[in-house]
Amino acid sequence: MVERCDALAAGILARCRSRKVKIAAAESLTGGLLADAFVRVPGASTVFLGSAVTYDTAAKASMLHVDAGLLAREGAVHPEVARQMAQATAELYRQPHYDAVIGLSTTGVAGPGPDGDKPAGLVYIGLAIPAAFSASGRAQTIVRELHCHGSREEVRHQSVLSVLENLSELTDNSQE
């Protein structure tokens, strides 16, 4: 799985570099693994800006401005939370001299057991794709629901792989 992640991350970084698009992440259950997938690639610093590990629900609200009412009602494992995390991350890392920033997010239940009514392995990933890198020419935020299986570490690694696969597909499809 590590080799697949490395290859996907390298391809994503190369495509983003050529289009002058940056990447940032907000991670919950992956706790920095998504950032690690990018920074393992030499030269990643020309594209990858950083990752906010917002494991705590209150941190999601205070740092990323995820709707506190939503978090109180639904908890952190919810598709709208993933959407808001991805969008907020793109905004958080945006700078005037950057052409565009892709915001990524992960939130879910790594396990080993459920979190309330949310089963282990339920994960939501968010991808905020700027207009400059969207096949449609419009900014879009995509949320995917995952049902991962295995140990806590396997769920976390599957989540990272899924983000990379989805982003690879999106960035590859946007090429002209």
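The values are calculated or read from the model by the stated rules, or taken from the named source; none is laboratory data. In this text, all values refer to a predicted model and were calculated from it rather than measured experimentally. In this analysis, Cβ positions are derived from the backbone assuming ideal geometry, glycine residues included, and neighbour counts consider all displayed protein chains. Remember, those area values only see protein heavy atoms, side chains included, never the ligands or the DNA or RNA. Shrake-Rupley method; radii C 1.70, N 1.55, O 1.52, S 1.80 Å.
Things worth noting here:
- Within the chain, the proportion of C-alpha pairs whose separation exceeds 20 Å stands at 47%.
- Dipole axis of the chain (+1 Lys, Arg; -1 Asp, Glu on Cβ), positive-most option in 72, 33, 98: 98
- Karplus (6.51, -1.76, 1.60) ³J(HN,Hα), θ = phi - 60°, over the range 95-104, in Hz, Gly and Pro reported as x: 10, x, 8, 8, 5, 6, 10, 8, x, 10
- By accessible area with a 1.4 Å probe, ligands and nucleic acids excluded, highest first: order of 117, 172, 6: 117, 172, 6
- In terms of its alpha-carbon gyration tensor, the range 91-176 comes out prolate; a/c meets the 1.5 threshold, and the first ratio a/b outweighs b/c.
- Residue 141 accessible area, 1.4 Å probe, all protein chains in place, Å² to nearest 10: 40 Å²
- Looking at the chain, the accessible area is 45 square angstrom per residue; that uses a 1.4 Å probe and ignores ligands, DNA and RNA.
- Residue among 149, 97, 78 with the largest mean-square fluctuation in a Gaussian network model of the chain, springs linking Cα atoms under 10 Å: 97
- Fluctuation leader among 123, 160, 41 - the chain, Gaussian network, Cα springs under 10 angstrom: 41
- Euclidean distance between Cα centres, the range 1-68 to the range 71-111, Å: 11 Å
- Helical content of the chain, expressed as a calculated mean residue ellipticity at 222 nm, amounts to -14000 deg cm²/dmol (DSSP H runs of 4 or more residues, -39,500 (n - 2.57) each, divided by residue number, nearest 500).
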